[in-house]
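Engineer: Structure provided below as C-alpha coordinates; questions to follow.
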Amino acid sequence: MEKQTKFEIYDTTLRDGAQGESIFFTVPDQIKIAEKLDEFGIDFIEGGWPGSNPKAVEFFRKMSSKKLRHSKLVAFGSTRRKHLSPEKDPFLKALVEAGTDIITIFGKSWDFHVREVLKISLEENLDLIADSISFLRSRGKIVFFDAEHFFDGYRENREYAIKTLLVAQESGAERIVLCDTNGGTLPFEVEKIVRNVCSILKIPVGIHAHNDAGTAVANSLAAVHAGAKHVHGTINGFGERCGNADLTAIIPILQIKMGLKCLEEEKMNLLTELSRYVYEVANIIPPGNQPFVGLSAFAHKAGVHVDAVNKNPRTYEHISPEKVGNQRRVLVSELSGKSTILQKLAKYGIEKRSEIIKEILDTIGELEKKGYQFEAAEASFDLMVRKIMGIYKEPFHVEGFRVIVEERNSKVVAEATVKVKVGRKTEYTVAEGNGPVNALDNALRKALLPFYECISHLKLTDYKVRILHPEKATGAVTRVLIESMDETETWGTIGLSENIIEASWKALVDSFAYKIVKSVRDFSDYKHEGSDS
Ligand SMILES: [Zn+2]
(Lines give C-alpha, C1' and ligand atoms only; values in the text may rest on other atoms or scores of the structure.)
Protein backbone atom coordinates (compact mmCIF):
# COMPACT_ATOMS: atom_id res chain seq x y z
CA MET A 1 0.00 0.00 0.00
CA GLU A 2 2.70 2.42 1.13
CA LYS A 3 4.74 1.67 -1.99
CA GLN A 4 2.02 3.07 -4.24
CA THR A 5 2.15 6.49 -2.67
CA LYS A 6 3.03 9.20 -5.11
CA PHE A 7 5.58 11.59 -3.76
CA GLU A 8 5.75 15.09 -5.09
CA ILE A 9 9.07 16.44 -6.21
CA TYR A 10 9.39 20.19 -6.22
CA ASP A 11 12.39 21.65 -7.98
CA THR A 12 13.76 25.06 -7.06
CA THR A 13 16.94 25.04 -9.15
CA LEU A 14 15.79 28.15 -10.99
CA ARG A 15 15.00 30.12 -7.85
CA ASP A 16 16.88 28.88 -4.75
CA GLY A 17 19.52 27.08 -6.84
CA ALA A 18 20.30 30.26 -8.74
CA GLN A 19 21.26 31.86 -5.39
CA GLY A 20 24.46 29.79 -5.49
CA GLU A 21 27.59 31.91 -5.53
CA SER A 22 28.88 30.91 -8.96
CA ILE A 23 25.52 30.27 -10.61
CA PHE A 24 24.03 32.54 -13.18
CA PHE A 25 21.19 31.59 -15.50
CA THR A 26 19.94 33.76 -18.33
CA VAL A 27 16.23 33.57 -19.19
CA PRO A 28 16.91 31.25 -22.18
CA ASP A 29 18.98 29.05 -19.80
CA GLN A 30 16.06 28.93 -17.38
CA ILE A 31 13.67 27.94 -20.15
CA LYS A 32 15.98 25.15 -21.32
CA ILE A 33 16.31 23.81 -17.79
CA ALA A 34 12.56 23.99 -17.20
CA GLU A 35 11.95 21.99 -20.37
CA LYS A 36 14.51 19.42 -19.31
CA LEU A 37 12.90 19.10 -15.86
CA ASP A 38 9.53 18.64 -17.51
CA GLU A 39 10.89 15.93 -19.78
CA PHE A 40 12.32 14.18 -16.72
CA GLY A 41 8.96 14.30 -14.96
CA ILE A 42 9.50 16.69 -12.04
CA ASP A 43 6.09 17.59 -10.54
CA PHE A 44 6.65 21.26 -9.73
CA ILE A 45 9.13 23.77 -11.11
CA GLU A 46 9.62 26.92 -9.11
CA GLY A 47 10.55 29.51 -11.71
CA GLY A 48 11.47 32.54 -9.63
CA TRP A 49 10.26 35.45 -7.54
CA PRO A 50 8.53 37.89 -9.89
CA GLY A 51 8.25 40.61 -7.26
CA SER A 52 11.96 40.81 -6.61
CA ASN A 53 13.43 40.00 -9.97
CA PRO A 54 12.51 41.36 -13.43
CA LYS A 55 14.14 38.29 -14.99
CA ALA A 56 11.52 36.12 -13.29
CA VAL A 57 8.75 38.25 -14.81
CA GLU A 58 10.23 37.67 -18.26
CA PHE A 59 10.67 33.95 -17.57
CA PHE A 60 7.00 33.49 -16.64
CA ARG A 61 5.88 35.58 -19.60
CA LYS A 62 7.89 33.46 -22.03
CA MET A 63 6.84 30.21 -20.36
CA SER A 64 3.16 31.12 -20.69
CA SER A 65 3.29 30.23 -24.38
CA LYS A 66 5.05 26.90 -23.77
CA LYS A 67 3.24 23.72 -23.01
CA LEU A 68 4.72 21.52 -20.31
CA ARG A 69 3.79 17.87 -20.47
CA HIS A 70 4.11 16.92 -16.86
CA SER A 71 5.46 19.69 -14.66
CA LYS A 72 3.47 22.52 -13.14
CA LEU A 73 5.12 25.88 -13.01
CA VAL A 74 5.11 27.70 -9.67
CA ALA A 75 5.73 31.38 -8.92
CA PHE A 76 7.38 32.20 -5.60
CA GLY A 77 7.01 35.20 -3.31
CA SER A 78 6.60 36.45 0.22
CA THR A 79 3.60 37.28 2.36
CA ARG A 80 2.34 40.85 2.04
CA ARG A 81 4.30 43.86 3.34
CA LYS A 82 3.41 44.80 6.87
CA HIS A 83 1.69 48.14 6.12
CA LEU A 84 -0.04 47.22 2.90
CA SER A 85 -3.27 45.42 2.23
CA PRO A 86 -2.82 42.44 -0.09
CA GLU A 87 -4.65 44.31 -2.88
CA LYS A 88 -2.14 47.15 -2.67
CA ASP A 89 0.97 45.01 -2.32
CA PRO A 90 2.97 45.21 -5.57
CA PHE A 91 4.73 41.89 -4.89
CA LEU A 92 1.51 39.95 -4.47
CA LYS A 93 0.21 41.65 -7.62
CA ALA A 94 3.31 40.54 -9.53
CA LEU A 95 2.78 37.00 -8.24
CA VAL A 96 -0.77 36.88 -9.54
CA GLU A 97 0.36 38.34 -12.86
CA ALA A 98 2.98 35.63 -13.31
CA GLY A 99 0.03 33.58 -14.53
CA THR A 100 0.80 30.27 -12.83
CA ASP A 101 -1.97 28.20 -11.27
CA ILE A 102 0.17 27.54 -8.23
CA ILE A 103 1.92 30.06 -6.02
CA THR A 104 4.29 29.35 -3.17
CA ILE A 105 4.55 32.05 -0.58
CA PHE A 106 6.91 32.04 2.31
CA GLY A 107 6.20 33.46 5.71
CA LYS A 108 7.93 33.67 9.06
CA SER A 109 7.42 30.86 11.54
CA TRP A 110 10.27 31.75 13.90
CA ASP A 111 9.23 34.34 16.50
CA PHE A 112 12.82 35.63 16.64
CA HIS A 113 12.62 36.65 12.96
CA VAL A 114 9.21 38.23 13.40
CA ARG A 115 10.54 40.46 16.17
CA GLU A 116 14.05 41.11 14.89
CA VAL A 117 13.56 41.31 11.13
CA LEU A 118 9.94 42.18 10.45
CA LYS A 119 9.73 44.14 13.71
CA ILE A 120 6.04 43.44 14.14
CA SER A 121 4.02 41.62 16.78
CA LEU A 122 3.55 37.88 16.60
CA GLU A 123 -0.17 38.42 16.02
CA GLU A 124 0.46 40.75 13.09
CA ASN A 125 2.65 38.14 11.45
CA LEU A 126 -0.22 35.64 11.61
CA ASP A 127 -2.36 38.24 9.87
CA LEU A 128 0.21 38.62 7.09
CA ILE A 129 0.10 34.88 6.48
CA ALA A 130 -3.69 34.64 6.61
CA ASP A 131 -4.33 37.72 4.44
CA SER A 132 -1.82 36.79 1.78
CA ILE A 133 -3.07 33.24 1.37
CA SER A 134 -6.73 34.29 1.37
CA PHE A 135 -6.01 36.98 -1.21
CA LEU A 136 -4.25 34.57 -3.58
CA ARG A 137 -7.05 32.03 -3.08
CA SER A 138 -9.60 34.72 -3.97
CA ARG A 139 -7.70 35.19 -7.25
CA GLY A 140 -8.17 31.51 -8.02
CA LYS A 141 -4.69 30.36 -7.11
CA ILE A 142 -3.55 27.17 -5.46
CA VAL A 143 -1.26 28.18 -2.62
CA PHE A 144 1.67 26.34 -1.08
CA PHE A 145 3.05 27.78 2.14
CA ASP A 146 6.79 27.72 2.89
CA ALA A 147 7.29 28.04 6.64
CA GLU A 148 10.63 29.79 6.69
CA HIS A 149 13.04 28.86 9.52
CA PHE A 150 10.42 26.44 10.79
CA PHE A 151 12.81 24.11 12.60
CA ASP A 152 14.58 26.93 14.46
CA GLY A 153 11.20 28.38 15.32
CA TYR A 154 9.96 25.02 16.57
CA ARG A 155 12.95 24.66 18.88
CA GLU A 156 12.56 28.13 20.38
CA ASN A 157 8.81 28.67 20.40
CA ARG A 158 7.03 25.52 19.36
CA GLU A 159 3.55 26.76 20.04
CA TYR A 160 3.98 29.80 17.82
CA ALA A 161 5.71 27.93 15.01
CA ILE A 162 2.84 25.44 14.86
CA LYS A 163 0.34 28.27 15.00
CA THR A 164 1.75 29.79 11.79
CA LEU A 165 1.15 26.46 10.06
CA LEU A 166 -2.39 26.17 11.37
CA VAL A 167 -3.18 29.68 10.20
CA ALA A 168 -1.82 28.84 6.73
CA GLN A 169 -3.91 25.68 6.66
CA GLU A 170 -7.07 27.47 7.77
CA SER A 171 -6.50 30.17 5.17
CA GLY A 172 -6.55 27.60 2.39
CA ALA A 173 -2.94 26.61 1.72
CA GLU A 174 -2.79 23.16 0.09
CA ARG A 175 0.76 22.23 1.05
CA ILE A 176 2.72 23.27 4.11
CA VAL A 177 6.44 23.09 3.53
CA LEU A 178 8.73 23.01 6.54
CA CYS A 179 11.92 24.88 5.71
CA ASP A 180 15.26 24.35 7.37
CA THR A 181 16.37 27.69 6.04
CA ASN A 182 19.64 27.89 7.98
CA GLY A 183 20.41 24.26 7.22
CA GLY A 184 21.64 23.37 10.69
CA THR A 185 19.01 20.86 11.85
CA LEU A 186 20.02 17.21 12.15
CA PRO A 187 18.15 14.23 10.68
CA PHE A 188 16.87 12.76 13.95
CA GLU A 189 15.51 16.16 15.01
CA VAL A 190 13.84 16.61 11.62
CA GLU A 191 12.21 13.20 11.88
CA LYS A 192 10.77 13.89 15.31
CA ILE A 193 9.51 17.36 14.43
CA VAL A 194 8.00 16.36 11.08
CA ARG A 195 6.23 13.42 12.68
CA ASN A 196 4.64 15.74 15.19
CA VAL A 197 3.62 18.27 12.53
CA CYS A 198 2.11 15.54 10.35
CA SER A 199 -0.02 14.42 13.28
CA ILE A 200 -1.36 17.96 13.72
CA LEU A 201 -1.99 19.10 10.12
CA LYS A 202 -4.66 17.77 7.79
CA ILE A 203 -2.93 18.72 4.52
CA PRO A 204 0.24 17.24 3.00
CA VAL A 205 3.50 18.33 4.58
CA GLY A 206 6.64 19.10 2.60
CA ILE A 207 10.32 19.52 3.41
CA HIS A 208 12.74 22.17 2.15
CA ALA A 209 16.27 21.52 3.46
CA HIS A 210 19.49 23.46 3.12
CA ASN A 211 22.85 21.77 3.36
CA ASP A 212 24.79 23.84 5.88
CA ALA A 213 25.41 20.84 8.12
CA GLY A 214 25.96 18.53 5.16
CA THR A 215 22.67 16.80 5.99
CA ALA A 216 20.17 18.25 3.51
CA VAL A 217 19.58 14.95 1.72
CA ALA A 218 19.48 13.02 5.00
CA ASN A 219 17.07 15.58 6.48
CA SER A 220 14.76 15.31 3.47
CA LEU A 221 14.73 11.53 3.77
CA ALA A 222 14.12 11.73 7.52
CA ALA A 223 11.16 13.99 6.80
CA VAL A 224 9.77 11.52 4.27
CA HIS A 225 10.25 8.73 6.77
CA ALA A 226 8.21 10.77 9.26
CA GLY A 227 5.36 11.38 6.83
CA ALA A 228 6.30 14.25 4.48
CA LYS A 229 4.89 13.70 0.99
CA HIS A 230 6.36 16.65 -0.84
CA VAL A 231 10.11 17.23 -1.23
CA HIS A 232 11.94 20.35 -2.32
CA GLY A 233 15.44 20.42 -3.74
CA THR A 234 17.65 21.50 -6.59
CA ILE A 235 19.47 19.61 -9.32
CA ASN A 236 23.04 18.95 -8.16
CA GLY A 237 22.28 20.60 -4.83
CA PHE A 238 22.83 24.09 -6.24
CA GLY A 239 21.98 26.87 -3.83
CA GLU A 240 23.39 29.61 -1.67
CA ARG A 241 26.11 28.91 0.92
CA CYS A 242 26.40 25.10 1.00
CA GLY A 243 23.45 24.53 -1.29
CA ASN A 244 20.01 22.92 -1.13
CA ALA A 245 19.05 19.27 -0.86
CA ASP A 246 20.30 17.53 -3.98
CA LEU A 247 17.45 16.02 -5.98
CA THR A 248 19.87 13.88 -7.98
CA ALA A 249 20.41 11.91 -4.76
CA ILE A 250 16.93 12.22 -3.23
CA ILE A 251 15.05 10.99 -6.30
CA PRO A 252 16.96 7.72 -6.81
CA ILE A 253 16.94 7.03 -3.08
CA LEU A 254 13.17 7.49 -2.84
CA GLN A 255 12.49 5.61 -6.02
CA ILE A 256 15.07 2.84 -6.06
CA LYS A 257 16.10 2.33 -2.47
CA MET A 258 12.90 3.18 -0.59
CA GLY A 259 10.48 1.99 -3.25
CA LEU A 260 8.48 5.23 -3.12
CA LYS A 261 7.41 6.18 -6.59
CA CYS A 262 8.19 9.77 -7.47
CA LEU A 263 8.53 9.57 -11.23
CA GLU A 264 7.98 7.24 -14.15
CA GLU A 265 10.25 4.22 -13.96
CA GLU A 266 11.57 4.67 -17.50
CA LYS A 267 12.65 8.24 -16.75
CA MET A 268 15.10 7.26 -14.02
CA ASN A 269 17.90 6.55 -16.45
CA LEU A 270 17.79 10.18 -17.62
CA LEU A 271 19.03 11.31 -14.20
CA THR A 272 22.76 11.46 -14.97
CA GLU A 273 22.12 13.29 -18.22
CA LEU A 274 19.90 15.81 -16.44
CA SER A 275 22.57 16.45 -13.82
CA ARG A 276 25.29 17.00 -16.41
CA TYR A 277 23.02 19.13 -18.53
CA VAL A 278 22.37 21.51 -15.66
CA TYR A 279 26.11 21.70 -14.92
CA GLU A 280 26.77 22.50 -18.52
CA VAL A 281 24.19 25.28 -18.66
CA ALA A 282 25.61 26.67 -15.41
CA ASN A 283 29.11 26.30 -16.83
CA ILE A 284 30.32 24.36 -13.82
CA ILE A 285 32.62 21.36 -13.91
CA PRO A 286 30.75 18.42 -12.36
CA PRO A 287 32.41 17.04 -9.21
CA GLY A 288 33.41 13.44 -9.86
CA ASN A 289 32.36 12.11 -6.48
CA GLN A 290 28.72 13.19 -6.60
CA PRO A 291 26.54 10.24 -5.51
CA PHE A 292 24.61 8.44 -8.28
CA VAL A 293 25.49 10.83 -11.13
CA GLY A 294 29.20 11.64 -10.64
CA LEU A 295 31.80 10.40 -13.07
CA SER A 296 33.43 8.43 -10.24
CA ALA A 297 30.21 7.18 -8.67
CA PHE A 298 30.74 3.74 -10.20
CA ALA A 299 34.49 3.86 -10.89
CA HIS A 300 36.64 1.03 -9.62
CA LYS A 301 40.35 1.27 -9.17
CA ALA A 302 41.96 -1.10 -6.72
CA GLY A 303 42.71 -4.55 -8.16
CA VAL A 304 40.75 -6.57 -5.62
CA HIS A 305 37.67 -4.43 -6.15
CA VAL A 306 37.84 -4.73 -9.90
CA ASP A 307 38.28 -8.46 -9.69
CA ALA A 308 35.22 -8.74 -7.45
CA VAL A 309 33.12 -6.38 -9.58
CA ASN A 310 33.95 -8.55 -12.58
CA LYS A 311 32.59 -11.56 -10.74
CA ASN A 312 29.50 -9.73 -9.54
CA PRO A 313 28.97 -5.94 -9.60
CA ARG A 314 26.97 -6.11 -6.37
CA THR A 315 30.19 -6.73 -4.46
CA TYR A 316 31.17 -3.05 -4.66
CA GLU A 317 28.10 -1.25 -6.05
CA HIS A 318 25.02 -0.34 -4.02
CA ILE A 319 22.86 -0.07 -7.16
CA SER A 320 23.59 -0.75 -10.79
CA PRO A 321 24.76 2.40 -12.59
CA GLU A 322 22.41 1.87 -15.55
CA LYS A 323 19.42 2.50 -13.29
CA VAL A 324 20.37 6.17 -13.04
CA GLY A 325 21.89 6.43 -16.50
CA ASN A 326 25.45 6.37 -15.21
CA GLN A 327 28.24 4.02 -16.25
CA ARG A 328 30.55 1.61 -14.52
CA ARG A 329 34.14 2.60 -15.10
CA VAL A 330 37.23 0.57 -14.52
CA LEU A 331 40.23 2.79 -14.00
CA VAL A 332 43.50 1.86 -15.56
CA SER A 333 46.37 1.97 -13.13
CA GLU A 334 49.46 0.12 -12.06
CA LEU A 335 47.76 -0.24 -8.70
CA SER A 336 44.98 -2.29 -10.04
CA GLY A 337 46.94 -4.97 -11.78
CA LYS A 338 46.20 -7.14 -14.70
CA SER A 339 42.60 -7.98 -13.95
CA THR A 340 41.58 -4.33 -14.34
CA ILE A 341 43.23 -4.04 -17.69
CA LEU A 342 41.73 -7.30 -18.88
CA GLN A 343 38.32 -6.01 -17.88
CA LYS A 344 38.94 -2.78 -19.80
CA LEU A 345 40.02 -4.75 -22.82
CA ALA A 346 36.94 -6.97 -22.79
CA LYS A 347 34.92 -4.44 -24.77
CA TYR A 348 37.47 -4.53 -27.57
CA GLY A 349 36.70 -8.19 -28.15
CA ILE A 350 40.24 -9.42 -27.60
CA GLU A 351 40.42 -12.95 -26.24
CA LYS A 352 42.43 -13.40 -23.07
CA ARG A 353 45.01 -15.58 -24.77
CA SER A 354 45.75 -13.05 -27.40
CA GLU A 355 49.33 -11.87 -27.84
CA ILE A 356 47.85 -8.42 -28.23
CA ILE A 357 47.01 -8.43 -24.53
CA LYS A 358 50.65 -8.96 -23.70
CA GLU A 359 51.73 -6.16 -25.98
CA ILE A 360 49.20 -3.82 -24.41
CA LEU A 361 50.23 -4.74 -20.88
CA ASP A 362 53.90 -4.26 -21.77
CA THR A 363 53.21 -0.91 -23.39
CA ILE A 364 51.25 0.28 -20.34
CA GLY A 365 54.09 -0.84 -18.09
CA GLU A 366 56.62 1.08 -20.18
CA LEU A 367 54.50 4.20 -20.35
CA GLU A 368 53.74 4.16 -16.63
CA LYS A 369 57.46 4.02 -15.92
CA LYS A 370 57.88 7.20 -17.92
CA GLY A 371 55.17 8.91 -15.91
CA TYR A 372 52.02 8.22 -17.91
CA GLN A 373 48.95 7.61 -15.83
CA PHE A 374 45.81 6.40 -17.51
CA GLU A 375 43.31 6.59 -14.66
CA ALA A 376 42.16 10.02 -15.69
CA ALA A 377 43.08 9.55 -19.35
CA GLU A 378 40.81 6.81 -20.58
CA ALA A 379 40.54 8.36 -24.01
CA SER A 380 44.32 8.24 -24.50
CA PHE A 381 44.22 4.64 -23.31
CA ASP A 382 41.50 3.85 -25.81
CA LEU A 383 43.49 5.34 -28.70
CA MET A 384 46.60 3.44 -27.62
CA VAL A 385 44.72 0.12 -27.56
CA ARG A 386 43.27 0.79 -30.98
CA LYS A 387 46.71 1.56 -32.36
CA ILE A 388 48.19 -1.65 -30.97
CA MET A 389 45.25 -3.64 -32.28
CA GLY A 390 45.76 -2.10 -35.69
CA ILE A 391 42.21 -0.81 -35.86
CA TYR A 392 42.97 2.86 -35.43
CA LYS A 393 42.24 5.03 -38.43
CA GLU A 394 43.92 8.34 -37.96
CA PRO A 395 41.20 11.01 -38.36
CA PHE A 396 43.88 13.65 -39.02
CA HIS A 397 47.64 13.82 -39.14
CA VAL A 398 49.61 16.57 -37.46
CA GLU A 399 52.24 18.07 -39.73
CA GLY A 400 53.35 20.74 -37.29
CA PHE A 401 52.40 23.56 -34.94
CA ARG A 402 53.82 26.79 -33.64
CA VAL A 403 52.83 29.07 -30.78
CA ILE A 404 53.98 32.52 -29.96
CA VAL A 405 53.17 34.44 -26.83
CA GLU A 406 53.76 38.16 -26.89
CA GLU A 407 52.82 41.39 -25.28
CA ARG A 408 50.78 43.75 -27.45
CA ASN A 409 49.76 47.10 -26.00
CA SER A 410 50.54 45.82 -22.51
CA LYS A 411 48.29 42.79 -23.06
CA VAL A 412 49.72 39.31 -23.34
CA VAL A 413 48.24 37.32 -26.22
CA ALA A 414 49.00 33.94 -27.72
CA GLU A 415 48.81 33.02 -31.38
CA ALA A 416 49.04 29.48 -32.72
CA THR A 417 49.47 28.10 -36.21
CA VAL A 418 48.59 24.50 -36.89
CA LYS A 419 49.20 22.37 -39.96
CA VAL A 420 47.18 19.15 -40.21
CA LYS A 421 46.39 16.75 -42.98
CA VAL A 422 42.92 15.24 -43.31
CA GLY A 423 42.89 12.62 -46.02
CA ARG A 424 44.83 14.27 -48.82
CA LYS A 425 43.92 17.79 -47.85
CA THR A 426 46.29 19.96 -45.83
CA GLU A 427 44.84 22.60 -43.55
CA TYR A 428 46.91 25.46 -42.29
CA THR A 429 45.20 27.64 -39.71
CA VAL A 430 46.01 30.48 -37.37
CA ALA A 431 44.12 31.43 -34.23
CA GLU A 432 44.56 33.53 -31.15
CA GLY A 433 43.82 32.64 -27.58
CA ASN A 434 44.18 33.92 -24.06
CA GLY A 435 47.06 31.49 -23.56
CA PRO A 436 49.11 29.10 -25.68
CA VAL A 437 46.92 26.05 -25.06
CA ASN A 438 43.76 27.99 -25.75
CA ALA A 439 45.31 29.31 -28.99
CA LEU A 440 46.28 25.76 -30.05
CA ASP A 441 42.80 24.52 -29.21
CA ASN A 442 41.27 27.29 -31.35
CA ALA A 443 43.61 26.70 -34.27
CA LEU A 444 43.12 22.93 -34.27
CA ARG A 445 39.36 23.36 -33.99
CA LYS A 446 39.37 25.73 -36.95
CA ALA A 447 41.39 23.28 -39.01
CA LEU A 448 39.20 20.26 -38.27
CA LEU A 449 35.73 21.75 -38.18
CA PRO A 450 35.26 21.75 -41.98
CA PHE A 451 35.82 17.98 -41.97
CA TYR A 452 34.26 16.97 -38.67
CA GLU A 453 31.16 18.86 -37.59
CA CYS A 454 31.11 16.86 -34.33
CA ILE A 455 34.04 18.97 -33.08
CA SER A 456 31.65 21.84 -32.42
CA HIS A 457 30.26 19.90 -29.42
CA LEU A 458 33.71 19.27 -27.95
CA LYS A 459 34.54 21.41 -24.95
CA LEU A 460 37.68 21.40 -22.82
CA THR A 461 36.61 21.46 -19.20
CA ASP A 462 39.78 21.03 -17.21
CA TYR A 463 43.52 21.31 -17.62
CA LYS A 464 45.97 19.97 -15.06
CA VAL A 465 49.73 20.19 -15.07
CA ARG A 466 52.04 18.11 -12.92
CA ILE A 467 55.82 18.33 -12.96
CA LEU A 468 57.47 14.93 -12.55
CA HIS A 469 60.99 14.56 -11.15
CA PRO A 470 61.02 18.16 -9.96
CA GLU A 471 64.64 17.82 -8.85
CA LYS A 472 65.55 18.36 -12.50
CA ALA A 473 63.89 21.76 -12.29
CA THR A 474 63.11 23.08 -15.80
CA GLY A 475 64.45 19.89 -17.37
CA ALA A 476 61.80 17.87 -15.58
CA VAL A 477 59.02 16.07 -17.39
CA THR A 478 55.63 17.75 -17.51
CA ARG A 479 52.47 15.71 -17.44
CA VAL A 480 49.34 17.38 -18.74
CA LEU A 481 45.88 15.98 -18.23
CA ILE A 482 43.03 17.48 -20.19
CA GLU A 483 39.40 16.77 -19.48
CA SER A 484 36.90 17.26 -22.28
CA MET A 485 33.22 16.78 -22.68
CA ASP A 486 30.44 16.70 -25.24
CA GLU A 487 26.69 16.24 -24.93
CA THR A 488 26.97 12.71 -23.62
CA GLU A 489 30.37 11.97 -22.18
CA THR A 490 33.37 13.29 -20.28
CA TRP A 491 36.83 11.96 -21.13
CA GLY A 492 40.43 12.53 -20.19
CA THR A 493 43.60 12.59 -22.26
CA ILE A 494 47.25 12.78 -21.32
CA GLY A 495 50.43 14.24 -22.76
CA LEU A 496 54.01 13.97 -21.50
CA SER A 497 57.03 15.96 -22.53
CA GLU A 498 59.92 17.98 -21.18
CA ASN A 499 58.15 20.88 -22.84
CA ILE A 500 54.84 21.94 -21.32
CA ILE A 501 53.46 23.15 -24.67
CA GLU A 502 54.25 19.86 -26.35
CA ALA A 503 52.72 17.89 -23.46
CA SER A 504 49.58 20.03 -23.72
CA TRP A 505 49.49 19.63 -27.49
CA LYS A 506 49.67 15.82 -27.23
CA ALA A 507 46.79 15.73 -24.76
CA LEU A 508 44.83 18.13 -26.95
CA VAL A 509 45.38 16.09 -30.13
CA ASP A 510 44.28 12.92 -28.32
CA SER A 511 41.11 14.61 -27.13
CA PHE A 512 40.15 15.73 -30.66
CA ALA A 513 41.09 12.35 -32.14
CA TYR A 514 39.01 10.51 -29.53
CA LYS A 515 36.00 12.73 -30.13
CA ILE A 516 36.16 12.21 -33.89
CA VAL A 517 36.75 8.46 -33.64
CA LYS A 518 33.81 7.96 -31.31
CA SER A 519 31.45 10.30 -33.10
CA VAL A 520 32.18 9.30 -36.66
CA ARG A 521 32.00 5.57 -36.10
CA ASP A 522 31.10 3.66 -33.04
CA PHE A 523 33.51 1.07 -31.80
CA SER A 524 31.76 -1.94 -33.31
CA ASP A 525 32.55 -0.64 -36.79
CA TYR A 526 36.19 -0.50 -35.92
CA LYS A 527 36.11 -3.96 -34.48
CA HIS A 528 34.47 -5.21 -37.61
CA GLU A 529 37.05 -3.60 -39.82
CA GLY A 530 39.79 -4.90 -37.57
CA SER A 531 38.71 -8.50 -37.81
CA ASP A 532 38.26 -8.22 -41.56
CA SER A 533 41.78 -7.14 -42.25
ZN1 LIG B 1 15.64 27.78 0.50
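Engineer: If a helix is a whole DSSP H run, which ones in the chain reach 27 Å or further along their own axis (Cα) and hold a mean Kyte-Doolittle hydropathy of at least -0.5?
Structural biologist: 500-520
Engineer: If you don't mind, there's one more thing I want to ask. Could you work out what % of the accessible surface of the chain is carbon and sulfur, using a 1.4 angstrom probe and leaving DNA, RNA and ligands out of the count?
Structural biologist: 51
Engineer: With each label point set 7 Å from Cα along the Cα-Cβ vector, what nm distance links residue 346 and residue 84?
Structural biologist: Computed distance between label sites residue 346 and residue 84 equals 6.4 nm.
Engineer: Right, here's the next one. Between residue 304 and residue 499, what is 0.36 nm times their sequence separation minus the Cα-Cα distance? Round to one decimal in nm.
Structural biologist: Contour length minus the Cα-Cα distance gives 66.5 nm.
Engineer: Note down the accessible area of residue 195, probe 1.4 Å, to the nearest 10 Å².
Structural biologist: 110
Engineer: Take residue 488, project a point 7 Å from its Cα along the Cβ direction, then tell me which residues of region 240-284 have their backbone nitrogen under 13 Å from it.
Structural biologist: Within reach of a label on residue 488, which here means backbone N under 13 Å from a point 7 Å along Cα→Cβ, region 240-284 contributes 273.
Engineer: Using the structure shown, list the pairs from 369/506; 446/515; 323/387; 301/358 with a Cα-Cα distance above 26 Å, or answer none.
Structural biologist: 323/387
Engineer: Over the chain, average the accessible area per residue using a 1.4 Å probe and give it in Å², no decimals.
Structural biologist: 46
Engineer: Another question about this same structure. Calculate, for residue 397 and residue 284, the FRET efficiency according to 1/(1 + (r/R0)^6) with r their C-beta to C-beta distance and R0 41 Å; round to the nearest 0.05.
Structural biologist: With a Förster radius of 41 Å, E is 0.70.
Engineer: Can I ask one more? Any chance you could look up the accessible area of residue 430 with a 1.4 Å probe, heavy atoms only, rounded to 10 Å²?
Structural biologist: 60
Engineer: Could you tally up the Lys pairs in region 66-152 with alpha carbons closer than 26 Å? Skip any pair fewer than 8 positions apart unless they're on separate chains.
Structural biologist: Summing the qualifying lysine pairs gives 19.
Engineer: Give the cross-link partners of residue 347 among the aspartates and glutamates, using a straight C-alpha distance below 18 Å as the criterion and excluding same-chain residues fewer than 8 apart.
Structural biologist: 307, 322, 355, 359, 375, 378, 382, 489, 522, 525, 529, 532
Engineer: Between the DSSP loop rule and a limit of at most 11 other Cβ atoms within 10 Å, which trypsin sites (Lys or Arg not before Pro) in region 397-441 are left?
Structural biologist: 424
Engineer: R0 = 56 Å: FRET efficiency of residue 155 with residue 387, Cβ-based, nearest 0.05?
Structural biologist: With R0 = 56 Å, the Cβ-Cβ based efficiency is 0.30.
Engineer: Another question, then. For residue 363 and residue 434 in one chain, what is 0.36 nm times their gap in residues minus the Cα-Cα distance, to one decimal in nm?
Structural biologist: Roughly 22.0 nm would be gained on extension.
Engineer: Hey, rough spin-label estimate for residue 62 and residue 188, points 7 angstrom out along Cα→Cβ, what's it come to in nanometres?
Structural biologist: The modelled label-to-label distance comes out at 4.8 nm.
The values are calculated or read from the model by the stated rules, or taken from the named source; none is laboratory data. These figures come from a predicted structure and were not determined experimentally. Ideal geometry is used to build each Cβ from the backbone, glycine not excepted, and the neighbour counts take in all protein chains shown. Note: areas computed on protein heavy atoms with side chains; ligands, DNA, RNA excluded. Shrake-Rupley method; radii C 1.70, N 1.55, O 1.52, S 1.80 Å.
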